[in-house]
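Here, each number is a calculation from the coordinates, and none is a lab measurement. None of the values given here were measured: they were computed from a predicted structure. Neighbour counts run over all protein chains shown; Cβ positions are idealised from the backbone, glycine included.
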Amino acid sequence: MGEKLRIGVLASGTGTDLQSIIDASEKDMIDADVVTVISDNKDAFALKRAEKHKIKAFFVDPIGKNREKHEEEIDAVLTDKNVNLVVCAGYMRILSSSFVKKWYSKLINIHPALLPSFKGTNGQGDAINYGVKISGCTTHFMDHETDHGPIILQAAVKVLPGDDRDKLAARILDVEHQILPRSIQLFAEGRLKIDGRKVKVLAGDSWKDKYETIPDVLYPEGY
Ligand code: GRF
């Protein structure tokens, strides 16, 4: 087997999406290693998760720098660690078009709603407040527009009676922890072909046959 994919994760918060990638890597579910974690928030628990797993963690302070300078420092870390896939896992800053252009097709994001619905920082709450019956999560390549790039995987999660934002968000998060590592493995296997707005997932194995799935979740082709 060839070189493992080298992943750089950008995270601003708790880091459970990051943890799902680390866990999948350590269980050999994905042919990839997280080689660095970068945060714009010095208190991000994601940094502590990285350190616990002996992964180089960097707090890149945005204060006192314009976006270009801040991203230059982030890019330097990614380049120095020979990263070949950047994963935004709860990274709360908007990345500049020049950063996205440089990393395009090797830069993915996860969003806690079924894009293009409910973009932005509260996809779970916006969905439930709208009164949807089905929500879910999306992984996608990042492009020049926020929450807009070509979609890799989506999974649909039922809204249940008695759900509030946090209950729905927790169930969606469990599914994020499945489709994010899966998206990375499809990337590692070279099975993601971007064709304009669309991503074709080339034929191959399915995790539905190998790993536990969650009841009442609709998994996409390619999962
Ligand atoms: C996730 O819900 C992700 O979809 C969104 O931010 C959240 C990050 O959660 N972009 P965590 O910090 O990985 O637990």
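Quick notes on this one:
- The chain - percent relative contact order, Cα under 8 Å, separation 6 or more: 18 percent
- The charge dipole of the chain, taken about its Cα centre with unit charges on the Cβ of Lys, Arg, Asp and Glu (plus for the first two, minus for the last two), comes to roughly 200 debye.
- Each of SER135, ALA169, MET92 was placed along the dipole of the range 86-195 (beta-carbon charges, centred on the mean Cα), and the one lying farthest toward the positive end is MET92.
- If R0 is taken as 25 Å, the Cβ-Cβ distance between GLU145 and ALA76 corresponds to a FRET efficiency of 0.45.
- Of the Cα atoms belonging to the range 1-54, the radius of gyration and Dmax stand at 11.1, 37 Å.
- Candidates GLY90, GLY120, GLY162, ranked by Gaussian network fluctuation over the chain, Cα under 10 Å, top entry: GLY162
- Extension gain for ASP209 to LYS54 (0.36 nm times residue separation, less C-alpha to C-alpha distance): 52.6 nm.
- For the chain, built as a Gaussian network whose Cα springs stay under 10 Å, the top-fluctuating residue of SER12, SER97, SER135: SER97
- Sorted into 10 angstrom bins from 0, the C-alpha pair distances of the chain split as 8, 34, 38, 17, 2 percent.
- For the range 1-103, the fraction of alpha-carbon pairs in successive 10 Å shells from zero, as %: 16, 51, 29, 5, 0
- Take the Cα of ASP164, step 7 Å toward its Cβ, do the same at LYS42, and the gap between the two points is 3.4 nm.
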